[in-house]
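These notes are about the structure you will find just below.
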Amino acid sequence: MSTQATPSNTEARRAFYERIDRHHLTPLWESLHALVPLHPQSRALPALWRYADVRPFVLESAGLITAQEAERRVLVLENPGLRGQSSITQTLYAGIQLVMPGETAPSHRHTQSALRFVLEGNGAYTTVDGERTLMQPGDFVITPSWTPHDHGNASDAPMIWLDGLDIPLLRFLDAGFAEGFGGRIQQPERPVGDALARYGSGLLPVDYDGRHGVTSPVFNYPYARTREVLEQLRRAEQWDACHGLKLRYTNPVTGGFAMPTIGAFVQLLPQGFETAPYRSSDGTVYVCVEGSGESVVGGERYRWGPRDVFVVPSWTTHHHRPAADAVLFSFSDRPVQAAFGLWREERFDQEGA
Ligand code: 1HN
């Protein structure tokens, strides 16, 4: 591109644009540089939702509507730069869901893929394609595209989790389909823990044919295991300047991302480890799981503690400053960008310089 300047308007040009407008025509040279920017210029903004602010509203919503009536009782985290679009980034949706003791959220399925990241409560369940899993704080739970799923809470405390879905991406593709099952919930067909034992233990059924397709057959990655892995690996002292110790959740059958459209990650940042500035083309949603600290995102400082959620838009430089040993969960559309050769990153450490 030779220049980023848009040609100036003359009376003759304006009159021409008006005449062709009636024919549903428009001049490319007026919008060329916005259509083909030199780098991503996301309309999404950096933002943070403090759990202490959000939780009271989420609990209050239980007095207004049941999970059954709402189908999913969720407060949507809307990016302040994308209001009205149910989007936290350009491609992803996030919301905070509440299931009260004794409640169920009816079964349905849709082509949108979903992840749950458990924030609060113990032992409520989600049933995915006939298998139930009990959810603990920090668990990463997947609902693959088009799988029937419902939730229930047989515990005696509210259950709250973060939902992440590829809703804006599928809306953009016009690829959304859904169906309900008359308000019912599924009866489990396999014992609790079946998928994790079968597919997520370094073993696979000998004749496994990969029938689960593009999504991991493991649908609950328990935090207890994840935390143990982080603790083991920290002993190697192989810290990445930009990420600390960062891992991605994988499909154990392929080694690829656990979900086709959403990449999920977990990272350990030891106390006092200030990361080097970094940016990548995948707008990313972060959840603080443990510890506390702050992140500087596009020059603004965001302080976080357990269960706070913050978002780093595409190509926005950021770095993290943990005040105590911190664990961050995050997710983005990285698998989609990577599949099409579009994903880019820039590191501002020695390696990147
Ligand atoms: C959905 O199915 C769930 O299953 C949560 O818990 C949030 C937001 C939009 C569309 C479907 C769930 C959702 C959703």
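Among Glu294, Glu237, Glu78, the largest mean-square fluctuation in a Gaussian network model of the chain, built with springs joining Cα atoms closer than 10 Å, belongs to Glu237. Evaluated at q = 0.12, 0.16, 0.25, 0.26 Å⁻¹, the base-10 log of the normalised Debye intensity for segment 83-166, with identical point scatterers placed on the Cα atoms, takes the values -0.33, -0.58, -1.26, -1.33.
Its alpha carbons considered, segment 223-281 gives a radius of gyration followed by a Dmax of 12.8, 37 Å.
Segment 5-33 and segment 250-313 have Cα centres spaced 42 Å apart.
Positive-end ranking of Thr126, Pro158, Ser216 along the dipole of the chain, with charges on Cβ about the Cα centre, is headed by Ser216.
Sorted from fewest to most neighbouring beta carbons within 10 Å, what does the list His151, His108, His23, His39 look like?
The order, fewest Cβ neighbours first, is His23, His39, His108, His151.
Applying the Kirkwood pairwise sum to the alpha-carbon positions of the chain produces a hydrodynamic radius of 21.9 angstrom. In whole angstrom, note down how far apart the Cα centers of segment 184-247 and segment 41-70 are. Here the answer is 28 Å between Cα centres. From largest to smallest, the equivalent ellipsoid semi-axes obtained for segment 121-210 from the alpha-carbon gyration tensor read 22, 21, 15 Å. Just to be sure I understand the curve: with the Debye formula and one point per C-alpha of segment 195-236, what is log10 I(q)/I(0) at q = 0.18 Å⁻¹? Calculated log10 I(q)/I(0) at the listed q: -0.63.
Spherically averaged projected area of the convex hull of Cα atoms, segment 225-353: 7.9 nm². The modelled label-to-label distance between Arg211 and Gln232, using points 7 Å beyond Cα along the C-beta direction, is 3.0 nm. Summary value for segment 104-163: 48 percent relative contact order, contacts being C-alpha pairs under 8 angstrom separated by 6+ residues. Note on segment 1-99: Cα Rg divided by 2.2 N^0.38 Å, N the number of residues, gives 1.74. For segment 107-188, the list of chymotrypsin sites (Phe, Trp or Tyr not before Pro) that fall in a loop by DSSP and count at most 12 other C-beta atoms within 10 angstrom reads Phe177. Taking the charge dipole of the chain about its Cα centre, with +1 at Lys and Arg Cβ atoms and -1 at Asp and Glu Cβ atoms, the residue from Gly102, Pro322, Gln90 reaching farthest to the positive side is Gln90.
Amide hydrogen proximity for Thr317: with H placed 1.01 Å from N in the peptide plane, the residues at 5 or more positions away or on another chain lying under 5 Å are Gly298. 3J(HN,Hα) along segment 283-298, derived from phi through the Karplus expression 6.51 cos²θ - 1.76 cosθ + 1.60 where θ = phi - 60°, amounts to x, 10, 9, 10, 10, 7, 9, 9, x, 7, x, 8, 10, 9, 10, x Hz, with x in place of Gly and Pro. Here's how it looks for Val289: its modeled amide H is under 5 Å from those of Arg307, Val327, Leu328, Phe329, which are all 5 or more places away or on a different chain. Determine the distance separating the Cα centre of segment 105-160 from the Cα centre of segment 75-97; give it in Å without decimals. A separation of 20 Å, based on Cα centres.
Laboratory data are not the source of any read-out in this text; all were calculated from the coordinates shown. Everything quoted here is computed from the prediction, not taken from an experiment. Backbone-built Cβ (ideal geometry, glycine too); neighbour counts: all protein chains shown.
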